[in-house]
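What follows is calculated from the coordinates using simple rules that are stated; it is not laboratory data. Note that the structure is a prediction, hence the values are computed from the model and not measured. Using ideal geometry, Cβ is built from the backbone for each residue, glycine included, and neighbour counts are taken over all protein chains shown.
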Amino acid sequence: MRKYHFLIAAVVLMFDRLSKVLIQHTISLHDSIQVVPYFFRLTNVQNPGAAFGLGAESASEWTSSMLIAFSIAALIVVSALLWRNSHRISSTGIGLALIMGGALGNLWDRVVYGQVVDFLDFYVSTYHWPAFNIADSAIVMGALLLVTEILFSKSPEEQAVTQRFSD
């Protein structure tokens, strides 16, 4: 089953890279294309900080290096968890695969460009969500799957009781 999890991560990485290349080649830096008026546009933004622009204002020359190191450490942890938990398809495995693919996509940008390409730009009236990308979306969806699994999964004891009463 591991191959399916790594395939999910590879597909996320592929879509992330493809979308970022398309944005960089079709939209000038800081320009936008309106998609849904008053709600969504594609905007070419370079983010030197963490997800959703956190730390982007930092003047430290170590910011990019620290984010790269953190990404590598996170990938090692996620890879180990995925390897250990990939004996079957589960929401945990899919969540970890989404996180891995997203982390690889943003790590690629940081290593090659020193910053991440963001382009999904949502807003309503004066409220504006920070721009993000497919990698960020995959990481958030993967984290939500993991949190859902933690909050709503049954312990082995609860599963045994449920099984006994359903028989």
Notebook entry, point to check: With a 10 Å Cβ neighbour count serving as the proxy for reagent exposure, in which order, fewest first, do 63, 148 appear?
Noted result: 148, 63
Item checked: Inter-label distance, nm, simple model (7 Å from Cα along the C-beta direction), residue 21/residue 34 -> 3.1 nm
Next item on the list: Please give the FRET efficiency for residue 3 paired with residue 153, using the beta carbon to beta carbon distance and R0 = 25 Å, rounded to the nearest 0.05.
Entry: 0.55
Next item on the list: Find how much the distance from residue 11 to residue 87 grows on full extension, using 0.36 nm per residue of separation minus their present alpha carbon separation; answer in nm with one decimal.
Entry: 25.4 nm
